[in-house]
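S.K.: Shown below is the structure under consideration.
The values are calculated or read from the model by the stated rules, or taken from the named source; none is laboratory data. These figures come from a predicted structure and were not determined experimentally. All Cβ positions, glycine included, derive from the backbone under ideal geometry; neighbour counts span all protein chains shown.
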């Protein structure tokens, strides 16, 4: 049971980090403000480290990393492109990224709560991802 909980949580964390990285890569093409770009790049580096840790823990369990759903990724790309074409700028970029952070916080928190028997290491990694998302949201507020 503990192993199942650990795997479920690690897969959700991995998928969440991959989705965040995909969103950041996608939005960077629209960023013109150096300070905003710097904040996104910092968060991107942090998410790459967290995603790498997820992958290591999953491989240790004999599992593969979970990819975000194709439909979710496609929907995210279309939504971002449409919103940026209609109303680009720092405020819109910050809102889109903050929405993504909020979704990540919700999905990982829900998975964490449903998998209370997950390993301490997996629980700590999930908490670290949540804190990272919360901190990124805080940094993005100045661009609203």
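S.K.: Out of the residues in the range 104-130 meeting the condition of being without any contact (Cβ under 8 Å) to a residue 60 or more places away in the chain and farther than 20 Å from residue 56 by Cα, tell me which one is surrounded by the most Cβ atoms within 10 Å (Cβ to Cβ).
M.R.: Our first condition is that a residue be without any contact (Cβ under 8 Å) to a residue 60 or more places away in the chain; within the range 104-130, this holds for 105-106, 109-110, 113, 120, 124, 127, 130.
Okay, now just the ones that are also farther than 20 Å from residue 56 by Cα, so 105-106, 109-110, 113.
Details: 105: 18, 106: 13, 109: 16, 110: 11, 113: 9.
Among those residues, the one meeting the criterion is 105.
S.K.: Could you tell me which residue of the range 25-43 is nearest to the chain's Cα centre (by Cα), considering only residues that are at pLDDT 95 or above and surrounded by 18 or more Cβ atoms within 10 Å (Cβ to Cβ)?
M.R.: 43
S.K.: Can you confirm whether residue 138 is out of contact with any strand residue (DSSP E or B) (no Cβ under 7 Å at 6 or more places or on another chain), at pLDDT 95 or above, surrounded by fewer than 19 Cβ atoms within 10 Å (Cβ to Cβ) and in a helix (DSSP H, G or I)? Before the answer, list the steps.
M.R.: Working: out of contact with any strand residue (DSSP E or B) (no Cβ under 7 Å at 6 or more places or on another chain): yes; at pLDDT 95 or above: yes; surrounded by fewer than 19 Cβ atoms within 10 Å (Cβ to Cβ): yes; in a helix (DSSP H, G or I): yes.
Yes; evaluated as a whole, the condition is true for this residue.
S.K.: To continue, here is another question. Given 106, 92, 116, which one is assigned to a loop (DSSP other than H, G, I, E, B) and over 15 Å from residue 44 (Cβ atoms)? Give the steps one after another, and end with the answer.
M.R.: Numbers: 106 fails: assigned to a loop (DSSP other than H, G, I, E, B); 92 fails: assigned to a loop (DSSP other than H, G, I, E, B).
Step by step, each of 106, 92, 116 is checked, and only 116 is assigned to a loop (DSSP other than H, G, I, E, B) and over 15 Å from residue 44 (Cβ atoms).
S.K.: Could we say that residue 73 is within 19 Å of residue 7 (Cβ to Cβ), in contact with a helix residue (DSSP H, G or I) (Cβ under 7 Å, 6 or more places away or on another chain) and at pLDDT below 95 here?
M.R.: Details: within 19 Å of residue 7 (Cβ to Cβ): no; in contact with a helix residue (DSSP H, G or I) (Cβ under 7 Å, 6 or more places away or on another chain): yes; at pLDDT below 95: yes.
Here the answer is no, as residue 73 does not meet what is asked.
S.K.: When you go through (1) more than 24 Å from residue 33 (Cβ to Cβ); (2) part of a helix (DSSP H, G or I); (3) modelled with pLDDT under 95; (4) under 11 Å from the mean Cα position of the chain (by Cα) one by one for residue 68, which number turns out not to apply?
M.R.: So residue 68 meets the others, but not (2).
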